[in-house]
Amino acid sequence: MRNSSSTPEFLPTRFILVGIPGLEAEHIWISIPFCLMYMIIFLGNGTILHVIRTDTALHQPMYLFLAMLALAEVGVSASTLPTVLGVFLFGITEISFNACLLQMFSIHSFSIMESAVLLSMSVDRFVAIYNPLRYTAILTMPRIFGMAASIGLKSIVLMAPLTILLRRLTFCGHNILSHSYCLHPNLIHLPCGDATVNNVYGLFIITSTFGLDSLLIVVSYGFILHTVLSIATGEGRRKALSTCGSHVCAVFSYYVPMLGLSIVHRLGYHVSPLLHAMMANAYLFLPPVVNPIVYSIKTKEIRRGISWMLSEKKARV
């Protein structure tokens with residue numbers, strides 16, 4: 001139902017993007033760390049994807065899940081890149097309504113995939129520690145590809161209704177966003193019409209994906225710790241837990257900024273716009289920057305693959 005107030009109602013043709021509030025004059029300098037982060041993201045995750053694809057020894061469940069994680073992180077970063085660099089490098093602060101919805105859809109879809117892949121990786125670690133002899137028999141290639149397909153399909157099916165629900169809302173001249181990209185928690189504050197359905201469905205997505213995934217990750221690590229503590233030798237326990245170190249870092253780098261951003265959005269006007277911007281950037285940029293570095297340092301097989309790739313290129317030169 002449309003708002004009956006005298007305030008003019010419209011479907012905005014464009015939104016106004018905001019960089020970092022209060023630092024508009026420094027945007028050209030702020031663009032430098034953003035450019036560096038994008039370089040690390042695409043180079044780091046791209047290297048991991050290339051190493052896993054070319055090294056047949058890494059065609060195992062653990063590394064295939066890592067490749068899925070890298071792919072999801074590249075997707076999130078590629079979704080934000082046009083508007084982030086547009087705002088900070090070129091001062092382009094406008095985005096069309098349809099482009100904004102497409103960017104929101106892409107960012108959140110890839111984020112849902114990332115969360116689901118982190119859950120799959122925790123299940124992978126549990127199976128590897130609990131029943132190592134049947135590890136490859138349980139996590140077969142068809143099952144892994146089936147999990148990947150279901151993760152992608154679930155993300156698309158869950159996010160598609162949000163774009164439709166946003167289109168049915170009425171706006172009252174509010175079209176200024178809080179970030180240099182489009183996020184649903186930000187967009188949902190702009191309409192003047194009744195956004196109850198949008199809020200309820202958004203809460204359903206958060207609960208059924210990020211909330212459920214994080215709960216199951218905690219449960220899986222409870223089983224992992226129980227299994228590790230039953231190992232007789234201290235050395236065996238250390239080796240078992242060491243295989244989870246990189247994944248634990250990935251989980252914390254993903255869920256801690258997300259929790260912080262969720263709290264900031266819930267507090268709304270009681271929080272400074274600068275904190276809004278910083279938490280949103282941490283949520284989107286921290287995991288894809290940190291994860292390739294952590295996995296390259298802590299995973300011997302990935303280090304070996306990178307060294308082999310570099311030595312092969314050097315030999316060609």
Original post:
Which one is farthest from V117 (Cα to Cα) among residues in segment 230-249 that are of a type in the set (A, V, I, L, M) and at pLDDT 75 or above?
Top reply: L241
Subject >> Cβ pairs under 7 Å, 6+ apart, first in segment 221-239 and closer than 10 Å to I129 by Cβ and in contact (Cβ under 8 Å) with a residue 40 or more places away in the chain, second open to solvent by less than 90 Å² (accessible area, probe 1.4 Å) and not in a helix (DSSP H, G or I) >> reply: I224/C244
**OP:** Can you work out which of the residues in segment 280-302 that are among the aliphatic types (A, V, I, L, M) and closer than 13 Å to Y38 by Cβ is most open to solvent (accessible area, probe 1.4 Å)?
**Re:** V289
**OP:** Would you check if there is a residue in segment 183-200 being open to solvent by less than 80 Å² (accessible area, probe 1.4 Å) and without any contact (Cβ under 8 Å) to a residue 12 or more places away in the chain?
**Re:** yes
Original post:
Which of the residues belonging to segment 48-85 are touching a residue at least 40 places away in the same chain (Cβ under 8 Å), open to solvent by 10 Å² or more (accessible area, probe 1.4 Å) and closer than 21 Å to W29 by Cα?
Top reply: L81, T83, L85
Subject >> Residues located in segment 16-61, provided they are in a helix (DSSP H, G or I) and closer than 30 Å to G173 by Cα >> reply: E24, A25, E26, H27, I28, I30, S31
**OP:** Give the residues of segment 201-234 that are open to solvent by less than 30 Å² (accessible area, probe 1.4 Å), closer than 22 Å to L158 by Cβ and among the aliphatic types (A, V, I, L, M), sorted by residue number.
**Re:** I205, I217
**OP:** From (1) in contact with a strand residue (DSSP E or B) (Cβ under 9 Å, 6 or more places away or on another chain); (2) open to solvent by 70 Å² or more (accessible area, probe 1.4 Å), pick out the condition that doesn't hold for I28.
**Re:** (1)
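So that you can scan it fast, the table gives a plain yes or no per residue for (1) modelled with pLDDT under 95; (2) crowded, with 23+ Cβ neighbours inside 10 Å:
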site: E114; (1), (2): no, yes
site: D124; (1), (2): yes, yes
site: N131; (1), (2): yes, no
site: Y135; (1), (2): yes, no
site: T140; (1), (2): yes, no
site: S150; (1), (2): no, no
Original post:
Going by the conditions given, is V219 closer than 27 Å to H189 by Cβ and out of contact with any Ser or Thr (no Cβ under 8 Å at 6 or more places or on another chain)?
Top reply: no
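The values are calculated or read from the model by the stated rules, or taken from the named source; none is laboratory data. Please read these numbers as outputs of a predicted model, since none were measured by experiment. Cβ atoms come from the backbone with ideal geometry, glycine included; neighbour counts cover every protein chain shown. Note: accessible area is taken over every heavy atom of the protein model, side chains too, but ligands, DNA and RNA are not part of it. Shrake-Rupley method; radii C 1.70, N 1.55, O 1.52, S 1.80 Å.
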